[in-house]
Amino acid sequence: MPKQKTHSGITKRVKVTARGKLLRQQAGLRHRLEKKSSELTRRLSGTTEVSKADSRRVKKLLGR
């Protein structure tokens, strides 16, 4: 049986930590930033953990 390939789109969007946590970028920071408050843009910057509901699917796409 052939090897399972990792999904190239998800590898660009998700980082796996040493302990196995999945980190992703927050949504909503690409455009229309003038209308968003500085407080909101600061909150959206940085990374967060992938939700438990999605983590199983993301791990499957990563081949884990």
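The values are calculated or read from the model by the stated rules, or taken from the named source; none is laboratory data. This structure is a prediction, so every number in the text was calculated from the model and none was measured. No Cβ is skipped: glycine too gets one built from the backbone with ideal geometry, and neighbour counts run over all protein chains shown. To get the accessible areas, we keep the full protein, side chains included, count just its heavy atoms, and leave off ligands, DNA and RNA. Shrake-Rupley method; radii C 1.70, N 1.55, O 1.52, S 1.80 Å.
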Exercise. What number of residues within the stretch 18-37 satisfy the criterion of being surrounded by 10 or more Cβ atoms within 10 Å (Cβ to Cβ), in a loop (DSSP other than H, G, I, E, B) and on the phi < 0 side of the Ramachandran plot?
Worked result: 5
Seminar exercise, completed: Residues of the stretch 46-64 being open to solvent by less than 80 Å² (accessible area, probe 1.4 Å) and under 23 Å from GLN4 (Cβ atoms), in sequence order, are VAL50, ASP54, SER55, VAL58, LEU61, LEU62, GLY63
Exercise. What about ARG43, is it surrounded by 11 or more Cβ atoms within 10 Å (Cβ to Cβ) and touching a Lys or Arg at 6+ places or on another chain (Cβ under 7 Å)?
Worked result: no
